[in-house]
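A short write-up of the structure that comes next.
The values are calculated or read from the model by the stated rules, or taken from the named source; none is laboratory data. Here the structure is a predicted model, which is why all the values come from computation and not from measurement. Cβ placement follows ideal geometry from the backbone for every residue including glycine, while neighbour counts extend to all protein chains displayed.
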Number of protein chains: 2
Amino acid sequence: MLTMTSTLERAARTFGARPAIADARTSSTWAEHTSRVRRAAAILQSHGLQPGDRFAVMGLNSHLYSEILHAGYWAGLVPVPINHRLAPPEIRQIVDDAGCKLLAHCNAFAKVLATPELARLKLQPLNLESDYERRLTQTEPLAAHDARPDDLALLLFTGGTTGRSKGVCLSHGNIVSNAMQVALAMRATQDDRFLHAAPMFHAADLLGNAFTLVGGSHAYLPTFSGDGALAALRDRQVTVAMLAPTMIIMILQQPNLANYDLASLRLIFYGSSPIDAAWVRRAMTAFPGVDLQHNYGLTETSPILTAVDPAEVRAIFAGGNEAILLSAGRPLAGVDLTIRDDDGNDLAPGEVGEVVVRGPNVAMGYFNRPDETAAAFRDGWFHTGDMGRLDDNGLLFLVDRKKDMVITGGENVYTTEVEAAIYLHPNVQEAAVIGVPDEKYGEALFAVVVPVPGKAISIDDIVEHCRGRIGAYKIPRRGDIVTELPKSAMGKILKNELRRIYAGRETKF
Amino acid sequence: MLTMTSTLERAARTFGARPAIADARTSSTWAEHTSRVRRAAAILQSHGLQPGDRFAVMGLNSHLYSEILHAGYWAGLVPVPINHRLAPPEIRQIVDDAGCKLLAHCNAFAKVLATPELARLKLQPLNLESDYERRLTQTEPLAAHDARPDDLALLLFTGGTTGRSKGVCLSHGNIVSNAMQVALAMRATQDDRFLHAAPMFHAADLLGNAFTLVGGSHAYLPTFSGDGALAALRDRQVTVAMLAPTMIIMILQQPNLANYDLASLRLIFYGSSPIDAAWVRRAMTAFPGVDLQHNYGLTETSPILTAVDPAEVRAIFAGGNEAILLSAGRPLAGVDLTIRDDDGNDLAPGEVGEVVVRGPNVAMGYFNRPDETAAAFRDGWFHTGDMGRLDDNGLLFLVDRKKDMVITGGENVYTTEVEAAIYLHPNVQEAAVIGVPDEKYGEALFAVVVPVPGKAISIDDIVEHCRGRIGAYKIPRRGDIVTELPKSAMGKILKNELRRIYAGRETKF
C-alpha cells in the first residue's frame, strides 16, 4: 500500500540484509533499522500518544531523526518537524497550532524546552540522545498501526518566506506517491546512497523516501558546511545528494575541492531557488560524470513537481540547448501542470501565468485553516503562487513568485528577470529586487545588492549596467547596498522580510 | 493525476516531438498519436456512447488497438478487450455481461459480428480498417473527459483458465499505479521501445503503459511467430519485450537465431507460467547483455505484483545463487504481499500458503459479481488463489494454483513440483499434472504428457523416472500421452479443461 508503514515493512522484508544507514555515527541494515523503529514506536506510545496525535521533532540531521519520524508513522502518530532556526515564539506558535503533546529532540535542542515560551506548553520531552538507547533495548516492538493511504502522515510547517507558518497536511499516499515519482525521475536503485544534506525539517528531505522505496541507503550530514559535505560525499560513498544552490556554491568554493575522490557520486538533485547557469557549468566541470538535475517543488506537493531530464543537461556538451539550465524541467509522472491566468483560463505555451497543479502528491490542505485551504486548493487543483511559462517542448520556466511580481506604472515586472540582469555585473555577489510603495507608479522597483567581497558597487552602477539589457521600466532606480540578505533555512532570500524593512524607509539614491 | 487521460496528455505535452509509435505500418510522435486519439474519441462519442458506457474491442495487435483503447479512456468510456480465440458463444457471454453497445474491430474479425450469437446483440460495428481514416481526418478532436483515479477505466475478462469468464474492473488509478511500479522495476526510460508481442486483449499488455508514462515508444506484432518476433525486435530496434515462456522457447528454436542483430534489446520481461531454468540459461546465452526479468501478476493486479531484480540474475554468472531463476521475485514498490493459511493467519518464511496482496494496483472487484468480489477481495486484501512461499530474503516462490493443488491420501501435493520432476526426462516436451477423483485416496495424481517429437514415452517411464526424485506419494501412477495440451492465449496450460476431459474417463496404465 502507499503508506510509510508499508514502505518500511517492505524494505525490511525485501532488502532486510542490505544497508539502510551507512553513517559516521552508525550503520544498520533495513532489518535492524526497522527493528529500532518498531521499538521507538512503542516508546512514543508509552508516552500516552494515541493514533492521530501530533508530536514535534527538533534535531540536527541524523539517523535518529529518520528513526523517530518512521516510529511516528509506525504508531499512527503525526510527526511535526520544527525548523530549529526559528525563534522560541515562532516555535511555540507551530507547536501550539499543531497541538503537539511531545517534543522529540536531540541534545543540541534540549534548552529550547526550558524557554518560557515552550515551558508553558508542558510538552513531554523525549531526548533521543539521553537514555533513549537503553529504553530501546528494553522495549518490545510495536505492531504497525494499519494506516491508509489517505490518512494524515506528516505536518510540515512552511518556512518564513510566506508570512506566518501554515501546517501542510501530507497524507501517507502523498509522500509515497512522490517517492515513486522521484525514484522514477532519479532512476533510483538499491545501489544508491542518499546524503541528507538539507535540513531534515524541510520538505526537501522527503526525497530520501525514494531511496527507502527501492532499498537504497542513507547517510546524514548533521550541519552543512562545504568541507563537511565533501567529506561526507567521499567517506560515505554517496551516489545521490539533494543540494540547495547555496550549498553547491559553498562546495565549489572549497579550495581543496579537487583533492576529494567523489567516484561514487552520480547525481546532484538541486532546486528551491534559482542558480546562475555559470555555477551549474562550474559544477559540471568540477564533478565530471555527475548528473545535475534541476527540480521544482513545494511543501504542498510532497515536494517535487518537475525535474529536468539529466540526459538533456549532458546534451549541452554535445551542442544541445543551454536554455535547459534555466528550466525547472517537466512534470513528473502523475503530475498535471498547467499555466493559468487570474480568471482560471489555461494559457498557451510562452504565456506567463500561475503554475497550477494536481496529482497524487498534492497535499490534503492546511491544518485547521479552511479558508486558506479553500483559496489554494480549488476544484482539485493546487495554486502554487508561482508564476511561470511552458515552452513548446513542455519545459517549465519559472519567472517569479506571484506575490513577488511588481506592478509598476501598469507594467508587470518579474523580479527574477531583473535580478538575472543584475547578477551579470561582475561586482555583484547577490541581489534581490522587490516592489516598494510609490506615489506615482503604485509600486517602484527596489534593488538590494550584496557586492563581491572587496569590490564596490552603487545603485547608479546597477542602473548603468542594466541599461540595454532589460527594458527601461524594469530597471530599479532605487536600492540599497548591504553585506547580507535575510534567508530561509534552504537559502531562499526572504523577500517578505526585505519588503518589511524597506516599505516605509526613505532611501537615498 | 493517476488517470490514463492525464498520462496521455502529459506524454503529448512533455514528449510531443518524440516517437510514440515506430511500427512497420505507421510511425507517429506523441503529439500526432494523441491528436488521433482525441479524434477517435469523438468518433466513439458520435456513436451515441456516454461516459461510463462499455464497448468491445477485437483486433490483432496494432497501433489501432492502442488508439481505440486510449480513445475510450479519453471519452470516459470503458473498453472491453475481447479474446478473439474464444468461440462466438463465449464472446457473446462477455459482450452481454459487460453490456457493450459497440464493437470496435479490425478487418480480421469483421465476420464475428455476423455470427448468429453476436448478430442478435445488435452491436454497433466500428471497423478500424475501413473508412476509419477518412472519418478521423473529418472529425474534430474531443475535449478529454475529466476522469478521476477511482473511475472504472477498463473491463478485462479473465481467460479460460479459471472457468467462466469474470470481468475484472480496473480503475484509472489501478492501471497508472502499476505502470509506475513497472516503470521503476524495469527502469523504463524515454529511450525505450516496447514490443507488444503478447495479445493486446490480455492483461500483460498493460505493461506497455509504463513506457507511455516515461515517454518511450511502442511497436506492435500483429500475431506471434518466432521469426516474426525476431524480425520485429531487430527492425523496430526494440529495447524491451514482454514474452510468455512459450514465446521465448519459440524464438530460441529458430534455426537462424544467430543471424538477427538484436543490439538494441536490453530487457526481456517474462512471466505468466513457469519456465524451466535450462531455457532461461539458454536465453541468457543466446541474448548476451540482455536482462531476463521474471515477474508474477494477475489480471486483478493490473497486472504485475512481483519481479526479479535483473542484477541478481546477472550475478549467477559471477557465482550467484541460481535459485533466483525459480523465483517470481519480490513485491513491487507499493505492493503488500503476504502468505496466509486458510484461517487468514500470516505464515512464516518457508511455509506454503495462499499469496494475498494489497496495493494501488489491486482491482476494484468483478463486474456485477458481488459474491465473487466479496470472496476474493476481503478486508482490503486480494486473495490470488496462488500458493507460494517467501524465503528469508523476501523472494517469492510460487508452488501452485490453490485449486490445482491435489490432496491425495491426506497429503498436499503441488502439481508444479511434480511437473518439474517430469520435465527433467529428456523425452518430455510438455507435461501437466492434475488430480482426478479416486475412491481410495480422494484424489489421485494424473500426468498428461507430450513427448518430444520423434521420441516415445510411457507413463511407466515417467513413474520410473520420478522415483527418488520426488516422494513416492507425489508420483502420478496414472496418465495419458497426448500430442498437444489445451492452452490459453498466453500459453498457460488449461488444467480446468484437462480435469474436465479426464474426470470421468477410465484410463489404462
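Taking the range A:1-109 as the region of interest, none of the strands (runs of 3 or more DSSP E) fully inside it holds 2 or more residues being over 26 Å from the mean Cα position of the chain (by Cα), within 14 Å of chain B (Cβ to nearest Cβ) and at pLDDT below 95. Within the range B:395-411, at least one residue is closer than 29 Å to A:PHE15 by Cβ, assigned to a loop (DSSP other than H, G, I, E, B) and within 14 Å of chain A (Cβ to nearest Cβ). A:ARG148 meets all of the listed conditions (1) modelled with pLDDT of 95 or more; (2) touching a helix residue (DSSP H, G or I) at 6+ places or on another chain (Cβ under 9 Å); (3) under 21 Å from A:VAL357 (Cα atoms); (4) outside any strand (DSSP E or B) but one, namely (3).
If you go through the range B:369-382 and keep only what is under 23 Å from the mean Cα position of the chain (by Cα), in a strand (DSSP E or B) and more than 19 Å from A:ARG10 (Cα to Cα), you end up with just B:PHE377. Here A:ALA431, A:ALA348, A:ALA444, A:ALA363 are screened, and the one residue that is at pLDDT 95 or above and touching an Asp or Glu at 6+ places or on another chain (Cβ under 8 Å) is A:ALA363. Taking the numbered list (1) loosely packed, with under 15 Cβ neighbours inside 10 Å; (2) in contact (Cβ under 8 Å) with a residue 40 or more places away in the chain; (3) assigned to a loop (DSSP other than H, G, I, E, B) in turn, A:SER130 passes all entries but (2).
Looking only at residues of the range A:295-350 that are of a type in the set (S, T, N, Q) and not in a strand (DSSP E or B), we find that the one that is nearest to A:ASP379 (Cα to Cα) is A:ASN345. Only a single criterion out of (1) within 15 Å of the chain's Cα centre (by Cα); (2) within 14 Å of chain B (Cβ to nearest Cβ); (3) farther than 26 Å from A:GLY334 by Cα is not satisfied by A:ALA143, namely (1).
The residue that is surrounded by the most Cβ atoms within 10 Å (Cβ to Cβ), counting only those in the range A:214-250 that are more than 18 Å from A:HIS33 (Cβ to Cβ) and among the small types (Gly, Ala, Ser), is A:ALA241.
Every condition in (1) over 22 Å from the mean Cα position of the chain (by Cα); (2) of a type outside the set (D, E, K, R); (3) under 30 Å from A:VAL335 (Cα atoms) is met by B:ALA198 except one, and the failing one is (1). How many of the residues in the range B:168-213 are within 14 Å of chain A (Cβ to nearest Cβ) and either surrounded by 23 or more Cβ atoms within 10 Å (Cβ to Cβ) or assigned to a helix (DSSP H, G or I) (or both)? Residues in the range B:168-213 being within 14 Å of chain A (Cβ to nearest Cβ) and either surrounded by 23 or more Cβ atoms within 10 Å (Cβ to Cβ) or assigned to a helix (DSSP H, G or I) (or both): 22 in total.
Yes/no matrix, rows are residues, columns are (1) over 25 Å from A:LEU8 (Cα atoms); (2) within 14 Å of chain A (Cβ to nearest Cβ); (3) more than 20 Å from the chain's Cα centre (by Cα):
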residue	(1), (2), (3)
B:ALA311	no, yes, yes
B:ARG314	yes, yes, yes
B:ALA318	yes, no, yes
B:GLY329	no, yes, no
B:ILE339	no, yes, yes
B:ASP342	yes, no, yes
B:GLY353	no, no, yes
B:PRO360	no, yes, no
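Scanning the range B:245-260 for residues that are free of Cβ contacts under 8 Å to residues at least 40 places away in the same chain, part of a helix (DSSP H, G or I) and out of contact with any Ser or Thr (no Cβ under 9 Å at 6 or more places or on another chain) yields a total of 7. Taking the range B:346-402 as the range and being touching a residue at least 24 places away in the same chain (Cβ under 8 Å), of a type in the set (S, T, N, Q) and surrounded by fewer than 19 Cβ atoms within 10 Å (Cβ to Cβ) as the test, only B:ASN368 passes.
Scanning the range B:266-294 for residues that are in contact (Cβ under 8 Å) with a residue 60 or more places away in the chain and part of a strand (DSSP E or B) yields a count of 3.
Of the residues B:ALA263, B:ALA232, the single one that is among the hydrophobic types (A, V, I, L, M, F, W, C) and outside any helix (DSSP H, G or I) is B:ALA263. Look at the range A:114-126: where a residue is in contact (Cβ under 8 Å) with a residue 12 or more places away in the chain, no partner that is exposed (fewer than 10 other Cβ atoms within 10 Å of the Cβ) and not in a strand (DSSP E or B) sits 6+ places away or on another chain with Cβ atoms under 7 Å. The set of residues from the range B:75-92 being under 23 Å from B:GLY48 (Cα atoms) and either surrounded by fewer than 21 Cβ atoms within 10 Å (Cβ to Cβ) or of a type in the set (Lys, Arg) (or both) comprises just one member, B:ARG92.
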